[in-house]
Every structure is written in structure tokens, then in C-alpha cells.
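Inspection log for the structure reproduced underneath, given as C-alpha cells.
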Amino acid sequence: MDSLWLDLEHKTPEPRDEPVPTGLVTIEHGASSAVLLTPDAIQPGRRYPLVTVLHGAGRQDELLVRACQGQPEKRQALFLVPRSVQPTWDLIASDERADLDFLEHAYDLIYRRYPIDPARQALLGYSDGASYALAVGLSNPHVFCAVMGWAAGFLAIDDRRLRATDPKPAILLEYGTHDELFPFERVALPMRATLEQMGYSVEFRVDQGGRHWPSGSFQSEALDWFQSEPWRERS
């Protein structure tokens, strides 16, 4: 893949004759698709966080949509749940960047329709989706302030357009101690050490006895952490 960079410019919503669609909104572009979940009503004068939720290998996007229902109203945030074109994300499955190009398209569309707060955009991923969240989030600090991941397996950062003055996204990672796919001692602990050595602030959480499946409390606790705005204290 040539680049992990997202070529995005934040926009204010365009004037519309009719209200923007709310609830569960489908976004499609070629072979790519996503579901956008919004609060019941978009309040005038308010800007909303945007959380993108990334599935693991096997495309469990429908499961994640169900898991996120109710969260937009509770959190007063928008949730984007994309579906990878191939069984997992392009960084892993392809030399092309179909999923990244779709994210550019989806974000541009969302910006033009909904009042998104550019300082409160985050990625939340599971397994391959957690690895992808780290790769995309840390390669695009001009877009994302935080990355949350369950069982990220590897780290890949495209640093060719990063600047020394770029803020570093805050990171929350959680792993199960009995993960059979990404062994805790061999994957989780080195991941934390590497990120901290690179200067990232890492909230590292352990699911004692947990395997390669997220704990029932992971999503809620990760979103609580995100809403606490830990990146406000970043250097």
C-alpha cells in the first residue's frame, strides 16, 4: 500500500432544504459500505464526536452495529461502522487502499451533512480492526485524537507526512491474558512497550483469563474513557 494518509479537510455542514437523516443511515460507494448511527435528533449549534468502529477478520460489522445501537443517544455522538471490501482490512488483505479511500469518501460526506467536532474523532477496533485502528489513527493525527483497541496484533505507522509538532493520539488497549491468537507475553506487552517508547500515552488494560474475544465491558469502558477526553492532557 502506497500510503495510510487520509486526504481530508474538515467542512461545516452544507445548507439543506430538509433535515439530515438520523438514526441508522447507510453509506455506500462502489463495493464499499458503512452504517452511520446518529442521535435521535441533531441539535442546532452543537458539534458531535465521531467514533469509527472497525471489525475484525470475518467482517462482523452487523454485530457491531447492533452493539452500538443506543450509544449515539446515550453518548451524544455519531458512530460509523464500515465494512471492509475483503474479509479483512486493505492494509492486511491487499496492496490497494479501497477501505481507506472509502473512509475518505464517508468522512467527507458526514462532514458535509453533520456538525462533527474535528477535535473529537476516534477509532475503536477489534483484533484486525484494532491493528487497523492503530495504523490509521497514528498515521493521521490531523484527523484522530484517540484510538481504542481490543487485541491489536501488530503496529504499522506511515510516518512520511508526520511532523514533530503533531499531537499524538491517546491510546487505550486491552488484551486477554489467555488470548490464543495473540499471546499476552509475546504480543500485548511488547505492543505497550513499543508505543510508550515512541512517546504515546497508553492506557493499558488487562482482562484476566480473557481469550481472543472482547470482554462484555470493553466497549462501554472504552467509550467512557474516550468521553473523559484523556488527550486534553497530552503534551
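The values are calculated or read from the model by the stated rules, or taken from the named source; none is laboratory data. For clarity, every value in this text was computed on a predicted model and none was experimentally measured. No Cβ is skipped: glycine too gets one built from the backbone with ideal geometry, and neighbour counts run over all protein chains shown. These accessible areas exclude ligands, DNA and RNA; they are computed on the full protein's heavy atoms, side chains included. Shrake-Rupley method; radii C 1.70, N 1.55, O 1.52, S 1.80 Å.
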Query - Top-ranked residue of segment 193-235 - restricted to ones that are aromatic (Phe, Trp, Tyr) and at pLDDT 95 or above, ranked as farthest from GLN71 (Cα to Cα) - result: TYR200
Report summary line: Checked segment 112-121 for anything touching a strand residue (DSSP E or B) at 6+ places or on another chain (Cβ under 8 Å) and open to solvent by 10 Å² or more (accessible area, probe 1.4 Å); matches are PRO115, ASP117, ARG120
Report summary line: Of the conditions (1) free of Cβ contacts under 8 Å to residues at least 40 places away in the same chain; (2) surrounded by fewer than 18 Cβ atoms within 10 Å (Cβ to Cβ); (3) hydrophobic (A, V, I, L, M, F, W, C), the single one that LEU109 does not satisfy is (1)
Query raised in the report: Could we say that GLU18 is charged (D, E, K, R) and exposed (fewer than 14 other Cβ atoms within 10 Å of the Cβ) here?
Result: yes
Report task. Those residues that are open to solvent by 90 Å² or more (accessible area, probe 1.4 Å) and within 19 Å of the chain's Cα centre (by Cα), I need them from segment 1-15; list them, please. Result -> ASP7, GLU9
Report task. Say whether the condition of being under 15 Å from the mean Cα position of the chain (by Cα), under 24 Å from GLU14 (Cα atoms) and without any contact (Cβ under 8 Å) to a residue 40 or more places away in the chain is met by at least one residue in segment 78-100. Result -> no
**Report entry** Residue list for segment 192-206, filter: under 16 Å from PRO169 (Cβ atoms), aliphatic (A, V, I, L, M) and over 18 Å from the mean Cα position of the chain (by Cα)
**Finding:** MET198
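If you go through segment 8-44 one residue at a time, how many are among the acidic types (Asp, Glu), at pLDDT below 95 and touching a helix residue (DSSP H, G or I) at 6+ places or on another chain (Cβ under 6 Å)?
Number of matching residues: 1.
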Report summary line: By residue number, the members of segment 139-164 that are without any contact (Cβ under 8 Å) to a residue 60 or more places away in the chain and farther than 17 Å from PRO118 by Cβ are GLY149, ALA152, GLY153, PHE154, LEU155, ASP159, LEU162, ARG163, ALA164
Report summary line: Within segment 24-41, of all residues that are among the hydrophobic types (A, V, I, L, M, F, W, C) and in contact with a Leu (Cβ under 9 Å, 6 or more places away or on another chain), the one most open to solvent (accessible area, probe 1.4 Å) is LEU24
Query raised in the report: For ALA93, are the conditions met, namely being open to solvent by less than 10 Å² (accessible area, probe 1.4 Å) and farther than 23 Å from PRO230 by Cα?
Result: no
Query raised in the report: Which of (1) surrounded by 14 or more Cβ atoms within 10 Å (Cβ to Cβ); (2) modelled with pLDDT under 95 does VAL81 not meet, given it meets every other one?
Result: (2)
Report summary line: Scanning segment 45-61 for residues that are open to solvent by 70 Å² or more (accessible area, probe 1.4 Å) and modelled with pLDDT of 95 or more gives ARG46, ARG47
